[in-house]
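Reviewing the structure listed below.
Every read-out reported here was derived from the displayed coordinates using simple, explicitly stated rules and does not represent laboratory data. Since this is a predicted model, take the numbers as computed values, not measurements. Using ideal geometry, Cβ is built from the backbone for each residue, glycine included, and neighbour counts are taken over all protein chains shown.
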Amino acid sequence: MMPEEALASSVARLDQRLAELSAPIGIAVSGGGDSMALLHLAADWARKVHRTLRAVTVDHGLRPEAAREADLVGQSCGSLGIVHTVLRWTDWNGKGNMQDQARRARQRLISDWAMAEGIGAVLLGHTADDQAETVLLRLARGSGVDGLSAMDEFAPAVHGLWVRPFLNSRRRDLRDWLRSRAIAWAEDPSNEDRRFDRVKARSMMEHLAVLGLTPDRLIRTSDHMRRAEASLRQHAEAVAARDTREEGADLCLPLDFLRRVEAEDTPARLLAAGLAWVGNRPYRPRHDALLRLARVVLDGRSATLSGCQVMPEGDRFRIRREARAYDAPAPLHLTGGMLRARWDGRWSLHRGATDQDRVDPASWRHLRVAALGGEGLRVCPDWTAQGLPSGALLATPAVWDGSRVVAAPFAGRPEGWTATLYPRFQWFVRDR
């Protein structure tokens, strides 16, 4: 599908989904050909339908060229009348899988930016080629139905939606479109670095095509898998609504699930999703790790996995966040007349802003949202009236001023603050 057609088709569906949304639309732009084509095409669309665009670039600080690429994006945005923000990733410790950690950091930074700017959806430049390369990589890793499923055009994010208009467009077509309009883009040299698995997969495509394993065939396979996965998820969502229970930051499930993990998809899917939801992990644990955990808990003992503690309780078992895995404190933002914070990937906190908040940011800029923990619970004397076990409250969010608890909505000290859990576990199962 040609770029203009792909974007027009995608944004038409986006308009249907966000018909009542007046919030700005974000667009993630790295400076590469895919995202630069998306930037210019989205700018044309936004002018026609009178929508506001905001652009963001993440500078991972890993290459000296990155700053120049961000400048290129900034210049293009300036010529198009689009506000552009550069976010910088500064906390990589030099260990582990650099590309994977950079991707996770990029998602986190863009999500936080979208929340702070009040953005309803973020456009991403993934193409059909990205889709095919992802399927090939996951085939090599022995992935099952979920892993081989195609990326979704519309995918829930921590805040709003990720939207991928170009999943039916080829990378070469986007670059041809840019050349025809004399629009410059940057080539990331890491795209030619064969140390990275994705580059190896890209270079293999031509050889695999001789055997009939073309990008189109890989994408077709992923589409089949997506439909199968949707059916499995739909069933799991219904079971989650019926058989699981949220308690504060904990999740309780029937113990019988653990007996059926090895033989059935739904119990294994819900156990893996529960660990990812409670532990705020981007990936589900490996199946063999789930089996080991199930055996330990069925034996009447507690076990840990994915930053969670899993413990038997009568005919159910509980998944609880490990204290050492609590997320880092999160700052507050003033948007739309509200003080807001997003913490730990699934908690939204807000409180109406006072006149003092608006005039004097010093009155709230030093506040942070973090886990209530044992120390915080001790200064919440009314927590028992909330009907939740003390352990289930420890990982719920609280507003802190240094070492002092300002508010703890789930523990009987709201102080004008509201805490909302999103996504709920049932929705998390549906959208994974």
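Taking every Cα-Cα distance in segment 47-181 and sorting them into 10 Å bins from zero, the calculated P(r) comes out as 10, 31, 43, 15, 2 percent.
With an a/c value of 1.5 or above and a/b not larger than b/c for the gyration tensor axes a ≥ b ≥ c computed over the alpha-carbon atoms, the chain is described as oblate.
Taken about its Cα centre, the chain carries a charge dipole of roughly 460 debye when the Cβ of each Lys and Arg holds +1 and the Cβ of each Asp and Glu holds -1. Projecting the Cα atoms of LEU339, ALA294, LEU394 onto the charge dipole of the chain (Cβ charges, centred on the Cα centre) puts ALA294 farthest toward the positive pole. The helix-based estimate of mean residue ellipticity at 222 nm for the chain, built from -39,500 (n - 2.57) per DSSP H run of four or more residues and divided by its residue count, is -13500 deg cm²/dmol to the nearest 500. Along its first, second and third principal axes, ordered by size, segment 229-353 spans 51, 34, 26 Å in Cα coordinates. Couplings 3J(HN,Hα) of segment 319-328, computed from phi: 10, 10, 5, 6, 4, 6, 9, 4, 6, 5 Hz, in residue order, whole Hz [Karplus 6.51 cos²θ - 1.76 cosθ + 1.60, θ = phi - 60°; x for Gly and Pro]. Residues whose amide H comes within less than 5 Å of that of ARG316, counting only those at least five positions distant or on another chain, are LEU255 (H built at 1.01 Å from N in the peptide plane). Over all projection directions, the Cα-based convex hull of segment 112-181 averages an area of 6.2 nm². Considering every Cα-Cα pair within segment 282-381, what fraction, in whole percent, is farther apart than 15 Å? Percentage above 15 Å: 73.
Other residues whose C-beta falls under 9 angstrom from the C-beta of VAL379 contribute a net charge of +2, scoring Lys and Arg +1 and Asp and Glu -1. Charge tally around PRO24: other residues with Cβ under 9 Å, Lys/Arg +1 each, Asp/Glu -1 each, net +1. Considering only ALA323, ALA12, SER169, and ranking their Cα positions along the charge dipole of the chain that arises from unit charges at the beta-carbon of Lys, Arg, Asp and Glu, the one farthest toward the positive end is ALA323.
Here the extension length gained between VAL49 and ARG259 equals 70.2 nm, from 0.36 nm per residue of separation less the Cα-Cα distance. Can you give me the Cα centroid spacing of segment 109-188 and segment 275-319 in angstrom? For segment 109-188 versus segment 275-319, the Cα centre distance is 32 Å. Extension gain, ALA238-ARG68: 0.36 nm per intervening residue step, less the Cα-Cα distance, totals 56.3 nm. Candidates SER22, LEU213, PRO285 compared by Cα position along the dipole of the chain: farthest toward the positive end lies PRO285, with charges placed on Cβ.
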